[in-house]
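Data first, discussion second: the structure below is written as C-alpha cells.
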Amino acid sequence: MATDPLLRQGPDSTDLVLRTGPAGSVWNALTSARSALLTPLALGVPTLLVAFCMALAGARASTVFVVVGVIAALEYLLGWLTMAFSQARDILRMEFAPAGVPASLRLVRSAGPDHWLPIDTLREVKLTHKVVEPYEGDRKPALSTLALELLLRGSNERPTLVPFSGDPQRLADALEALLAPAAVVVELRTERSTRDEPRSNWYSGGSASANSGGG
C-alpha cells in the first residue's frame, strides 16, 4: 500500500514519518537540556550588566562570580523548561492502523504517543510544499520543505516545516489511496519563491562618499 518513502508500512500500521528518532518524556527532556545550553549565552548581556553594576558598587570578585553563576543557572533552567514544553508537542509521525485499511490513527509526539482516535476524526490533510529557489548567481541549492496541516474534529494540528526532497504529488497520491476508504480529503499546494539577494552596502556607501566629496 505505501508507495512513498515517508509512508512506512509495518505489520500493524502504516506510519507517515516526519522526523526520525525516539519519542518519550525522558528523551524530550534530554534533547531540550542540550539545546538549553544556548540560553545563558543568549542572555549574556544582561548578566554581564549585573556583574558590571555589582563591581561598580564595590562587591568582591567572589561575590560577583557567585551571583553570575546563580543567574546563569536560573537562565539555563528557564530555557530548559521552555524548550521542553514547546518541543513536547512536536509531531514525529502519524500512525494509521491497521496497515491496509486504517480504522484508527494517533499522533506520536516528542513527548510520546497520543491516544488512538477513530479514523473519521480526521477530516482533511493539507500538504504545502514550499520551494525557495536561488537567485541568479546564487550557489546555494534550492530549499524544499513540507508543511502538514491536519484538520481534526474540534482542533487542527500544524506541524512545523520539515526538510523534503521527495515528490510531493507522489506522497499526496499515496496518502489519498490510504485514506480513501475513510473519505479523508488530501489537498496538495505548492508555493515557490526566490531567495532574497543580499544587498551590498559597500557600493552604496562608496557612491555616497563620492557624491559628498564632489560637492
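The values are calculated or read from the model by the stated rules, or taken from the named source; none is laboratory data. Computed from a predicted structure; not experimentally measured. For the accessible areas, the whole protein counts, side chains as well, though only heavy atoms, and no ligand, DNA or RNA atoms are used. Shrake-Rupley method; radii C 1.70, N 1.55, O 1.52, S 1.80 Å.
Tabulated data for the structure shown
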read-out	value
Solvent-accessible surface ranking, highest first, for 129, 115 at 1.4 angstrom	115, 129
Contact order relative to length of the chain, as percent, for alpha carbon pairs under 8 angstrom and 6 or more apart	21 percent
With Cα atoms, 0 to 90° folded angle of helix 44-56 axis to the chain main axis	30 degrees
Under-5 Å amide H pairs with residue 13, H placed in peptide plane, nonlocal only	99
The chain, accessible surface, carbon-and-sulfur percent (1.4 angstrom probe)	61 percent
For the stretch 48-167, diffusion coefficient by Stokes-Einstein and Kirkwood Rh (Cα), 20 °C, 1.002 mPa s, µm²/s	113 µm²/s
The chain: angle of helix 201-214 to the longest principal axis, Cα-based, in degrees nearest 10	40 degrees
Built amide H within the under 5 Å cut-off of residue 194, gap 5+	133
Highest-MSF residue in the chain out of 90, 167, 196 [GNM, Cα springs under 10 Å]	196
Alpha-carbon gyration tensor eigenvalues x 5, square-rooted, for the stretch 10-113, Å	47, 9, 8
Cα convex hull volume per residue for the chain (Å³)	218 Å³
Whether the stretch 126-195 is rounded, prolate or oblate, judged on the alpha carbon gyration tensor where a/c under 1.5 counts as rounded	prolate
Helix-only [θ]222 nm of the chain, DSSP H runs n ≥ 4, -39500 (n - 2.57) each, per residue, nearest 500	-12000 deg cm²/dmol
For the stretch 44-161, accessible area per residue (1.4 Å probe, heavy atoms of protein chains only), Å²	59 Å²
With Cα atoms, 0 to 90° folded angle of helix 25-35 axis to the chain main axis	30 degrees
